[in-house]
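Asks: Structure incoming, see below.
Values in this text are rule-based calculations from the coordinates and carry no lab data. Everything numeric in this text was worked out from a predicted model, so none of it was measured. Cβ sites come from the backbone with ideal geometry, for glycine too, and all protein chains shown count toward neighbours.
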Amino acid sequence: MILAYIEFNQVWDTLFGLIYGVMYLVWVSVLFKPYSQKVGILNLLPFGQVIFDWVENFALSALSSQYLADGTISLSMALLASTSSAIKWGFSLLVYVVILVGIVVRIVGAVKRRSQRITR
């Protein structure tokens with residue numbers, strides 16, 4: 001069972017992280033395209049999320065492998081997994097806020113343009 005988890009974690013969870021990272025990158029890029037010169041750095045946020053997800057996955061796989069090998073768990077590897085998980089979720093929160101702000105900015109801009117066309 002633990003070997004299946006390790007294999008799943010190393011293959012599918014790595015791909016999943018890449019897929020959601022690209023998806024969030026596209027969202028941020030599309031939503032902030034008119035402002036890309038000013039806020040282009042926001043495109044880096046999903047990469048932080050993916051990198052720390054991969055670090056977490058590596059640490060969890062290492063913990064699982066070590067447990068299978070000798071029945072112990074490394075405190076430093078557990079700390080790495082826990083810390084990288086917290087940082088990943090911090091990046092996730094930032095990405096969600098950025099996407100939400102982008103949606104609101106786009107809606108407000110569309111409403112303003114529509115009201116300007118109607119008043120002409």
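Asks: Sort through Gly102, Gly40 and tell me the only one that's surrounded by 13 or more Cβ atoms within 10 Å (Cβ to Cβ), closer than 23 Å to Ile19 by Cα, under 20 Å from the mean Cα position of the chain (by Cα) and without any contact (Cβ under 8 Å) to a residue 12 or more places away in the chain.
Replies: Just one listed residue meets the conditions, Gly40.
Asks: Thr72 fails exactly one of the following numbered conditions: (1) surrounded by fewer than 17 Cβ atoms within 10 Å (Cβ to Cβ); (2) part of a helix (DSSP H, G or I); (3) of a type in the set (Ser, Thr, Tyr). What is the number of that condition?
Replies: Thr72 satisfies all of (1) surrounded by fewer than 17 Cβ atoms within 10 Å (Cβ to Cβ); (2) part of a helix (DSSP H, G or I); (3) of a type in the set (Ser, Thr, Tyr) except (2).
Asks: Please determine whether any residue of the stretch 56-68 is in contact with a Phe, Trp or Tyr (Cβ under 8 Å, 6 or more places away or on another chain) and either touching a residue at least 12 places away in the same chain (Cβ under 8 Å) or within 29 Å of Leu25 (Cα to Cα) (or both).
Replies: yes
Asks: Same structure again: Is it the case that Phe52 is of a type in the set (Phe, Trp, Tyr), part of a helix (DSSP H, G or I), touching a residue at least 12 places away in the same chain (Cβ under 8 Å) and crowded, with 17+ Cβ neighbours inside 10 Å?
Replies: Yes.
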